[in-house]
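A quick write-up on the structure given underneath.
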Amino acid sequence: MHLSLKSVCLALFACYTAAAAASQPEPQHALTLYDEAPKYSADFQHFDYVNPDAPKGGTLRLSGFGSFDSLNPYISRGTSADNLNLIYDTLTFHSLDEPFTEYGLIAESMEKAEDGTWVRFHLRPEARFQDGKLITAEDVVFTFNTLIEHGAPFYRAYYSNVQEVVADDPQTVTFRFHHGNNRELPLVLGQLPVLPKHYWQGRDFTKGSLDIPVGSGPYQIDNVRAGRSISFKRNPDYWAAELPVQRGFNNFDRVIVDYFRDGSVTLEAFKAGQFDFNQEMAAKNWAIGYNSPALSDGRIIKEEIPNNNTQGMQGFVFNLRKPHFADVRVRKAISLLFDFEWANSKLFHGAYTRTASYFDNSELAAQGEPSAAELELLEPLREQLPPAVFGPAYVPPKTDGSGNLRDQRREAYALLQDAGWKIVDDQLVNAEGEPLSFEFLLVQPEFERVMLPFKRNLASLGINLTLRRVDVSQYINRLRSRDFDMVVSGFGQSNSPGNEQREYWHSSSADNSGSRNLMGLKDPAIDALVEGLVQADTRESLVTHTRALDRALRAQHLMVPNWYTRFYRVAYWDKFAHPKVAPDYDVGLFTWWVDPAKSAAAIPDNEVPVVTTPVSEED
């Protein structure tokens, strides 16, 4: 049969169109890291860890530390108020009982390119800001570009693999990537808060302000007392209230955060009934600090909720920009003089486990000798890595808890001598006669009791440690300007580490004011391991890359490792109820609700004394 040229062209076009349609990715209700099936199907009604019929009402009263002078949490200037995430929705919602799964919130569905080079979000037509205006793709584009250009340095590092963001139409937005090797990036972009373009146009995004912003979330800011308190009220017209990802959440009519400048005063204020819920971080307080008539008669409840998260690393951070700390032998020697077992016994009531890994409490932590798979990653970097990386993963030595550090002191002094230091007139000095002296910058007075024994141990080798306590605003400014010798800080980790590792350890973040690379680490081998982790394409590969990175970080002795606990320690007045099933990876506070019967009996009005907050600058 003879076919005309036109017929052939039409047939070829039809075939091409059909093939393109067949290869076009299907819209998904959820995104997972390795395209595994999410826990919840497309027709799920609510998460397992919520009560979908939880009553609405009542007030949740919380505490904040220090003060605040800004309602913009996305910039480096100023100190932003707590809980501002309550007023902003994100493109997707992070499930609290899966390691890393994102379900649509502002986005109704998502598409990912098969080669990993783009992700597309289809916005819900009903999504609205709190002033009634529709959320559009233009708002998403505006938000992303604003954070990159004017936000904290974190965002430039976090989204560095994004080439461009395009509004395809009013309800569709596409992010295109420089390459397809970053499997986490589509999920990371799903966590983008969406800011209203119409509100921010004409305003200076780079300056902290107490002007009440427009959001799209379940709560609106109700009242602000600069530096002292902020209150939120539940938005009765919240557009997403009945979505499956929001059902059972946000049950409090009001959320109030009052600020205190001293931890001991905060605890007394809680026991006096001035706020309702406290997540306790101090073991001493947890052991004896809550003793009171209200605890004895059951009006205050203490509860330990299992914490299944990767614990990450808290520790005393060396600033490698300081010449004395540039030598790994000096850093290791100083670390050896911290006696965790004594502190745990005498100060912490035996409540903690010593941190060894940057990914403790998980399969991601390196153990023993490197595996064959880890060696494949490490061997090409052998010349750039410390030899210790290729032996057993470093674990801090364990003492007998007596306070006698004879063995550790001997090892520390040998390291210091090898690095060119010696004791002269009871002072440790280098070849130029400069003493080894440094300052520990503190904002929490409670930490002084931990540091004083450490200070004594250092002094036994002629090392002078000075404790410097400053107020919150000064502390933040000094961190941003890297004006410190040593601080205590934590580097939280998820069960699926990714882009944030660049912000923690990569050379590109070392000189960024406000980045999380507090130590100023610039190491090509670490950079290569971080990039390999970010580009891992299977769970098995991610675990291997993370363990290899963990080994390298531990061998550098960048921090004096602290401790962790496998529980969230929470105390609360008995006015709440919460679901029987707790989420695996969060306290889940905003799945709780006020029980009207309990609330009436919890804190009789005539029993609430007033606790005032000291305003001393040293707090």
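Every read-out reported here was derived from the displayed coordinates using simple, explicitly stated rules and does not represent laboratory data. The structure presented is a predicted model; accordingly, all values stated were derived computationally and were not measured. Glycine gets a Cβ as well: all are built from the backbone with ideal geometry, and neighbour counts include every protein chain shown.
Numerical summary
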quantity	calculated
Given charges at Cβ of Lys, Arg, Asp, Glu: the chain dipole, positive-most of PRO306, THR591, LEU416	LEU416
Over 22 Å (Cα to Cα) - which of LYS233/LYS271; LYS302/LYS455; LYS284/LYS455; LYS455/LYS522 fall in this group	LYS233/LYS271; LYS302/LYS455; LYS455/LYS522
Relative packing of 545-556, 366-377, 435-446, which averages over residues the other C-beta atoms within 10 Å, highest first	545-556, 435-446, 366-377
√(5λ) per eigenvalue of the Cα gyration tensor, the range 313-564, largest first, Å	29, 20, 19
Qualifying trypsin sites (Lys or Arg not before Pro) in the range 397-486, DSSP loop, other Cβ atoms within 10 Å at most 12	LYS398
Extreme residue, positive dipole direction of the chain, given options GLY227, GLY350, ILE463 (C-beta unit charges)	ILE463
Most positive-pole-ward Cα, ALA528, SER76, VAL488, against dipole of the chain from beta carbon charges	VAL488
Fully extended contour minus Cα-Cα distance, from SER371 to LEU467, at 0.36 nm per residue	30.4 nm
Euclidean distance between Cα centres, the range 504-520 to the range 358-392, Å	23 Å
Pairs of alpha carbons in the range 127-235 whose separation is greater than 18 Å (percent)	57 percent
Three-way shape call for the range 277-357 based on the alpha-carbon gyration tensor, with the a/c threshold at 1.5	prolate
Ranking of VAL470, VAL560 by count of other Cβ atoms within 10 Å, fewest first	VAL470, VAL560
Efficiency of FRET from Cβ geometry, ASP43 and ASN477, R₀ 51 Å, rounded to 0.05	0.50
Average Cα contact separation per residue, the range 136-279, under 8 Å, 6 or more apart, as relative contact order %	16 percent
Value at 222 nm in deg cm²/dmol, rounded to 500, when DSSP H runs of n ≥ 4 in the chain each add -39,500 (n - 2.57)	-7500 deg cm²/dmol
Amide H within-cut-off set for GLN28, under 5 Å, with H built and near neighbours excluded	MET110, GLU111
Distance (nanometres) between label positions extended 7 Å along Cα→Cβ at ARG409 and ASP168	6.9 nm
Given charges at beta-carbon only (K, R positive; D, E negative), |dipole| of the chain in Debye	1040 debye
Chain lengthening between PHE65 and THR206 when straightened (0.36 nm per residue, less Cα-Cα)	48.4 nm
Projected-area average for the chain over all orientations - Cα convex hull basis, square nanometres	34.0 nm²
Additional length obtainable on full extension of the chain from VAL265 to THR117, 0.36 nm per residue less Cα span	48.1 nm
The chain, relative contact order in percent, only Cα pairs under 8 angstrom and at least six apart counted	20 percent
Span-like helix ranges in the chain, DSSP H, alpha carbon extent 24 angstrom or more, Kyte mean at least -1.0	5-23, 539-556
Exposure proxy order (Cβ contacts within 10 Å, fewest to most) of SER513, SER473	SER513, SER473
At R0 = 45 Å, FRET efficiency that the Cβ-Cβ distance of SER402 and GLU149 yields, to 0.05	0.20
Which of ASP483, ASP425, ASP327 has the fewest Cβ neighbours within 10 Å, and the rest in rising order	ASP425, ASP483, ASP327
